[in-house]
């Protein structure tokens, strides 16, 4: 078995055939569709519950929420988010991570929480935000996962205990829950987290200590309590329900909203609370409090998090700030596309909401003498179209398409006067102006000259876009529910005709969505871009690469995607439904953004699953921004040659291996390319003997194979016995800039077994003399993964295979062998579009390396 083989199942004949789990992908789509249906159902329920009052009643209820109520609600909101952020500090304390800057960590936790609260598990969730700041906090990727898992478990433990206490001592007055049953349930709920704290410590090593767990539980309770009291503070005095009972209702409603996975619990939270206390509290009062709560507890922290995210990015690059305005903007490049996409979604959604709600009577009366009616009607309709287009352009901004940036800027600039003319919505105009101010400096980061909407939206994007449009449409119908429908409404053009304007605007926005959907669905598929790259271009990209694995480009088993300027490239191959990229981009990796997006879009257009295999930490931010999930494959060993020495106690085993090599009369040589070409027959005989002895076939993709044209490109390290016979060899991978040296094939005759340790020693000494910086020993599959209870499932599963899979592959032995050379271990990942894509992607990668699914699954 080749010790550089990084596949998870090294012996092809040991792999069990398994059909691709397509049902899982379908199940994931059904789950995503369910939360859209839940959101629609909740909005329909609210429509029925709140249909008995007029907007004037709602205005009166909002007017009764005075400054003191708002201040109290804001204070409880701050308390809740502060406690939620403090859970991250407790998680770091549990991990033993030093808290050098607690305020910095609290800010990161707040930003992540605000994004997660409003976006949940959608493409705009907070997981990637946490990952963005992992390096600045000194945290590894597994540690970030543990912190998030710790916070989730702590949050639900606090929720259970608080719910239990409130049900026991202040059960809400609901008919379907008798007081006795509520107390019984409450006692059970309080006991469960306490049992978990103490039993978990006894059952599993590494569980938080009881003292830390109890402190975490208390902080989590404060988090949930603050969330409930923030809403209670918005109600007028003299409520028929006491504070504790109402907080119990709010906390239970938030749990229901969290279980549905609807972003921000929109509609679900409001409907649950309305169903629970709607008979005790007047509908307009309850609706006014819920609307205000949505703004204070969800939207205000969300926009604050966006602002803090930008400020932190600038502060993290404060040294760049000193070098001038141009360099300052580079600090924003990591978040500009994500912020731009959020701004387009937010601005478009705001315009749709505004177009579907009535004009303020006072403003309408003031405009009657100043703005002609055709201008009002036209601005209202155009504002709705601009909102729909901005929502659709958000995907293009995420893809960094230049045309999307230009159109977004034009639409926002046009929407500002539209907002003023259609109803003097100066607040809306100010928000749009601020959004436009954030977008204008980012033009340089939207450099892709790609089509706007010919790239099909993903299923998740369509669900999110339709959800936003659906909420805006529901608000319009809710506002117009007291106006009976008549055909003449469509042609009623009057200044007080809010309902006709809403109907026309809704149809206009709907037509925009439908036209774009039809254009994407009916357009002909793009022809496959079979890249027949000029061999000289490939040669140049390999020579410019600082990674030795770029030499795999010469195998002839890959296709290439090259950037427009020809400075960077991807080498990839198809297997099953996967289109798999080998390693990081080769060539100029800094300029590969457009290439990566184009590759992913082309693969998705052709129904392929884009997969990035053995990518480094350096590519993680870009792939996370593109929506990929990363899973650790193992760790790569690299030895710094400048400090490599045979002296000292640590090198005793290496000196022993080298001495044995010399005592056996073996000699080490470096054959240049010319001699390799002349002695191919000798090397092939050794290779064929090795393959026959190991009953193995040649591999490919991530590993080299003995091919005449391939072998003629490289120098070889050769071992001769005392009689001068070649008994082992390995071809060398060398970078032109001498940044890295590595080996590929390692073949030997039976009498040459065990010589590779000495060969590595000789190569490292030779490489040091030649001025190479690193010697790459290759990967140790599945090493460096955590078995901790809070580690991701993939980590725990792969780590168990690493520790207990010695019967079919020497995982630990390979790691121990490479550890002899005191290398620096660097993680390597596989990036897939979703977690469900991991199993088929791994199967396809294994089959691709093994030479195809049939060859991989058959006996040699």
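The values are calculated or read from the model by the stated rules, or taken from the named source; none is laboratory data. Just so it is clear, the structure is predicted and the values come from calculations on it, not from any experiment. We place every Cβ from the backbone using ideal geometry, glycine too, and count neighbours over all the protein chains shown.
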Please work out which one of (1) in a helix (DSSP H, G or I); (2) closer than 19 Å to residue 291 by Cβ is the condition residue 65 fails and give its number.
(1)
Test residue 660 against the stated conditions and say whether it is part of a helix (DSSP H, G or I) and closer than 30 Å to residue 339 by Cβ.
no
Mind checking whether some residue in the range 543-559 is in a strand (DSSP E or B), within 16 Å of residue 618 (Cα to Cα) and in contact with a strand residue (DSSP E or B) (Cβ under 8 Å, 6 or more places away or on another chain)?
no
Tally time: how many residues in the range 622-644 are touching a residue at least 40 places away in the same chain (Cβ under 8 Å), over 29 Å from residue 601 (Cα atoms) and in a helix (DSSP H, G or I)?
2
Which residues, taken from the range 695-729, are in contact (Cβ under 8 Å) with a residue 40 or more places away in the chain, surrounded by fewer than 16 Cβ atoms within 10 Å (Cβ to Cβ) and farther than 24 Å from residue 582 by Cα?
695, 722
Can you tell me how many residues in the range 604-631 are more than 19 Å from the chain's Cα centre (by Cα) and at negative phi?
3
Residue count for the range 487-501, restricted to those that are surrounded by 13 or more Cβ atoms within 10 Å (Cβ to Cβ) and part of a helix (DSSP H, G or I)
5
Look through 692, 665, 681 and report the one residue that is in a loop (DSSP other than H, G, I, E, B), surrounded by fewer than 15 Cβ atoms within 10 Å (Cβ to Cβ) and either out of contact with any helix residue (DSSP H, G or I) (no Cβ under 9 Å at 6 or more places or on another chain) or at pLDDT 90 or above (or both).
665
For the range 249-262, check the following and say yes or no: at least one residue is in contact with a helix residue (DSSP H, G or I) (Cβ under 7 Å, 6 or more places away or on another chain), at pLDDT 85 or above, outside any helix (DSSP H, G or I) and crowded, with 17+ Cβ neighbours inside 10 Å.
no
Quick check on this structure: which one of 3, 20 is at pLDDT below 80, under 30 Å from residue 464 (Cβ atoms), in contact with a helix residue (DSSP H, G or I) (Cβ under 7 Å, 6 or more places away or on another chain) and part of a loop (DSSP other than H, G, I, E, B)?
20
Selected residue [within 29 Å of the chain's Cα centre (by Cα), farther than 27 Å from residue 280 by Cβ, surrounded by fewer than 15 Cβ atoms within 10 Å (Cβ to Cβ) and modelled with pLDDT of 75 or more] from 206, 152
152
Could you list, in sequence order, the residues of the range 39-75 that are under 30 Å from residue 464 (Cα atoms) and crowded, with 19+ Cβ neighbours inside 10 Å?
39, 42, 43, 46, 50, 73
Among the residues of the range 432-442, count how many are loosely packed, with under 14 Cβ neighbours inside 10 Å and in contact (Cβ under 8 Å) with a residue 24 or more places away in the chain.
2
Sort out which residues of the range 390-404 are touching a helix residue (DSSP H, G or I) at 6+ places or on another chain (Cβ under 6 Å) and part of a helix (DSSP H, G or I), and write them in order of number.
390, 391, 392, 393, 394, 395, 396, 397, 398, 404
If a residue has to be closer than 21 Å to residue 761 by Cα and in a loop (DSSP other than H, G, I, E, B) to count, how many in the range 702-724 make the cut?
5
